[in-house]
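Accompanying notes for the structure given below.
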Amino acid sequence: MSSMDRREFLKTTALGAMALSLPRELQAAVSQLGARPNIILILADDLGRGNLSCYGSDQFKTPQLDALAKSGIRFEQCYSTPLCGPSRSQLLTGRYPFRTGMISNKSGRVMEPKNEIMIPTVMKKAGYVTASVGKWSQLPLQPGDWGFDEYLRFAGSGKYWRSQDPTYVLNGKPMNLPEGKYLPDVMHEFLVDIIMRHRNQPFYVHYPISHIHGPIMRTPDSAADSQDLYTDNIAYMDKLMGKLVTELERLKLRDKTLIIFVGDNGTAPGWADRATVNGGKRFSGQKGTMLEGGSRVPLIASWPGTMPAGKVNTDLIDFSDFFPTIAELGRAQLPKEVTIDGHSFVPQLRGRLGKPREWVYVELSGKWYARSTRWKLTNAGELFDMKNAPFEEKPVPADTTDAEAIAARKSLQAVLDKLNPAAGKQAAPGPATRLPKRARRVAGRARRTANPVAAP
C-alpha cells in the first residue's frame with residue numbers, strides 16, 4: 001500500500017470510528033453524506049443540445065451518451081457563457097466573468113493564481129488527486145499552476161492530428177504527436193492511465209475534449225470517401241465516452257465515479273442549422289450569441305447506485321454551480337478569499353429537491369442578462385418572454401401592462417442591480433492573450449524538437 005493509499009485508508013477508518021461515536025441522529029446525518037466519489041467532468045467543445053440524440057437531435061446519433069443519460073440525470077436548463085474561454089473560467093472558478101475579468105476569449109491574461117482559485121486547489125486540500133486532460137488555451141499559464149497534479153494539454157482548439165500541431169504538453173514537457181496518432185486517443189489513454197494509477201484514491205479529472213470544435217477533420221473511423229465528417233466526429237466523441245465507461249466498469253470503479261458530461265457553449269456557426277431537434281426545430285441563436293442557442297447546453301450526470309436513473313431535471317443551473325457542487329461532493333471547503341457565485345446542486349444529483357436557483361446569469365464581452373424560468377432581462381433593459389424557449393425569445397414591449405411581465409422586470413432588474421457587473425472587471429478586450437514566458441519556452445522547445453510529417 002502506498003503512503004497516499006495508507007493515508008486515505010486511515011482517514012476513512014477514522015471518519016468511520018468518529019461517526020460511530022456520534023449520537024444516533026448525527027450518525028444518520030453522516031451516513032447521508034455517503035462516500036466521496038471520483039469525479040470526471042467531461043467538457044465537450046462547441047457541442048450543443050441539438051448534437052445529442054438524447055436531447056432530441058434530428059440528425060445525430062449518440063448511443064453511448066444516451067445510455068449515460070439513462071443511467072443518471074439529464075438536465076434541461078444548464079447555462080454556460082456562450083464562448084469557450086469565459087465558460088471554462090466560470091466553471092473552474094465558480095465566479096462570473098465580471099469578477100474574474102475573463103469576459104472574452106482575449107482577456108484571460110488578467111487571471112492569476114494569486115487572485116483566483118480553481119476547483120483542483122480545493123480538491124487537493126480535501127485529499128483528491130487532480131488532473132486535467134485536454135484543451136487549455138484561452139486560460140493562462142499551465143494547468144499545474146492552478147492546482148492540477150498531472151496534465152496533458154494542447155494549445156488552441158480543435159486539435160486532432162499532427163498536421164495541425166506536431167506537439168502537445170505532458171506535465172510541462174513537450175511531447176511529439178506521432179504520425180498517424182489521433183490526439184483524442186492519446187488523451188483517452190492518458191486519462192485511463194491516471195485512473196489506473198490512482199484507482200485506490202479519490203480523483204478529480206477535468207477532461208476538456210477536442211470534439212467537436214473545428215476544423216472538422218476525419219477521424220480514425222471515417223471512411224475514405226466520407227461526405228459527412230461532422231457526423232463522424234460526433235460519432236467518435238460518443239465512442240470515446242463509451243470506452244471511458246467500459247474502463248471504469250473493468251476496474252470496478254463505475255459505482256464509485258460520478259461522470260459529468262457538459263457542453264462548453266452552443267453549437268458553432270455553420271453547424272447550428274443542422275443541429276435541429278424534435279422534427280426540425282432550430283434553437284434561437286448559436287455559439288457566440290446572447291441567445292438560448294449560445295448558452296443553453298447539454299448536461300448529463302451519472303453515478304450508478306447513488307443517483308437515480310432515467311430522470312430529467314428542469315432546475316436552472318449555470319456554470320458557476322460546478323465549483324460548489326464538486327467541492328461539496330468531495331467535502332472540500334470553499335475558499336473564503338473570493339466570492340463564489342455558484343449554488344450547489346448536489347441535492348438534485350441525489351434525486352432530492354434541494355433549493356433550485358431562481359435565476360441564472362450569462363455574460364460575454366460587455367453584454368449580460370439574468371434569466372428566470374419564464375423571463376430574461378438584458379443589461380440594455382430588453383425583457384423577453386421565454387415561454388417558447390429555446391426556439392423563440394419574444395420581446396416584451398417596454399410599456400406592457402401585463403402584470404406578470406412587469407413583476408418579472410422588477411425582479412430580474414433587482415438581480416442585475418445587486419450583481420452590478422458594470423462595476424466589475426469590464427476592460428475592453430485587447431490583443432490575444434500572450435503566453436507567459438515559461439509556457440513560450442515550452443512551446444518553443446516543442447517546435448524545435450518536433451519532426452513535422454504529413455498527418456493523415
By per-residue mean of other Cβ atoms within 10 Å, what is the highest-first order of 391-400, 239-248?
239-248, 391-400
Eligible aspartates and glutamates near LYS287 by straight Cα distance, threshold 14 Å, same-chain separation 8 or greater
ASP45, ASP46, ASP264, ASP273, GLU363
Select from ALA423, LEU412, THR378 the residue farthest towards the positive end of the dipole of the range 367-423; place +1 on Cβ of Lys and Arg, -1 on Cβ of Asp and Glu, and compute about the Cα centre.
ALA423
Distance violations [Cα-Cα > 22 Å] among LYS159/LYS243; LYS124/LYS425; LYS106/LYS239; LYS124/LYS256
LYS124/LYS425; LYS106/LYS239
Averaging sequence separations of C-alpha pairs under 8 Å and six or more residues apart, then dividing by the length of the chain, give the relative contact order as a whole percent.
26 percent
For the range 367-423: relative contact order, % (alpha-carbon pairs under 8 angstrom, 6 or more apart)
28 percent
Could you grab the Rg to Rh ratio for the chain? Cα atoms only, Kirkwood for Rh.
0.96
Identify all aspartates and glutamates with a Cα-Cα distance to LYS114 below 16 Å; exclude those on the same chain that are fewer than 8 residues away in sequence.
ASP145, GLU337
Compute the distance from the alpha-carbon center of the range 65-124 to that of the range 214-258, in whole Å.
23 Å
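Bear in mind that the values in this text are calculations on the coordinates, not laboratory data. These figures come from a predicted structure and were not determined experimentally. Every residue, glycine as well, gets a Cβ built from its backbone with ideal geometry; the counts of neighbours run over all protein chains shown.
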